[in-house]
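The values are calculated or read from the model by the stated rules, or taken from the named source; none is laboratory data. Predicted, not measured: the structure shown is a model, and the values here were computed from it. Cβ sites come from the backbone with ideal geometry, for glycine too, and all protein chains shown count toward neighbours.
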Amino acid sequence: MELIQKLKWRYAAKAMNGTRVPQHKIDAIIEAASLAPTSSGLQPFEIIVVTNQEIKERIRKIAWNQSVVTDSSHILVFAAWDNYTPERINKMFDLTNTVRGFKNEGWENYRQTLLHSYPQRDAEVNFNHAARQAYIAFSQAIVAAAFEEVDSTPMEGFDPDALDEILNLREKGLRSCVMLPLGYRDTEKDWLVNLTKVRKSKDELVTLIE
């Protein structure tokens, strides 16, 4: 129930006060994101952590001038692979074998299945698939931030092409999906801070099939 209470405390902060989040909390949030499940265990994304104030100022200009961008402590940018390649797939399968210390025939057969399907698909299809995996980790980071009592602001309101240019993502084979500024709410400036959280009733949200 402690987690549920912290999720009830959480909201999308609209104003932050610039206070620095302790590094151990940032580390915990990023680790939680790294532990998120992803399709085939490929983790087809990277997390770019932005603390540089000049970069934040540039990002704010292409993010609807939202103050949380510059007033946050850290910005996590979730950037998905722009495509699935044999090199990227093999790297993750090889890592699994190294960490586990053995090769599994079923696992190796599955590797070949992916190698003969993913790289042959359209790059945009692959990017969209990878982006969905990034969103799973993004959601887990939001939950972890709440658990650490760090405010966050899920953000899709930005120009992804411009952000890719600012962070040189395309050169790395990445495309930005979503941002998560982290920090602490400014209770005097945030119009949303004292408003009641509104969610559908369980009857509207959940369908039980027995």
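Just a few scattered comments:
- Taken over segment 32-76, the criterion of being over 20 Å from R175 (Cβ atoms) and either among the aromatic types (F, W, Y) or in contact (Cβ under 8 Å) with a residue 40 or more places away in the chain (or both) is satisfied by A32, L35, P37, G41, Q66, S67, V68, D71, S72, S73, H74.
- Looking across segment 170-210, the residues that are part of a loop (DSSP other than H, G, I, E, B) and charged (D, E, K, R) come down to D186, E188, K189, D190, K197, R199, K200, E210.
- Cβ pairs under 6 Å, 6+ apart, first in segment 136-165 and closer than 16 Å to C177 by Cα and β-branched (V, I, T), second at pLDDT 95 or above and not in a helix (DSSP H, G or I): I136/A36; I142/S152; T153/A12; T153/A13; T153/P181
- Residue among L169, L163 that alone is in contact with a helix residue (DSSP H, G or I) (Cβ under 7 Å, 6 or more places away or on another chain) and assigned by TED's automatic domain parsing to the domain that holds R185: L163
- Within segment 173-210, if we keep just the residues that are surrounded by 10 or more Cβ atoms within 10 Å (Cβ to Cβ) and among the basic types (K, R), the residue that is farthest from the chain's Cα centre (by Cα) turns out to be K189.
- Which listed residue is touching a Pro at 6+ places or on another chain (Cβ under 7 Å), of a type outside the set (K, R), closer than 20 Å to I59 by Cα and modelled with pLDDT of 95 or more, from L163, L180, L115: L180
- Residues in segment 68-95 that are surrounded by 15 or more Cβ atoms within 10 Å (Cβ to Cβ) and in a helix (DSSP H, G or I) were compared, and the one that is farthest from the chain's Cα centre (by Cα) is F93.
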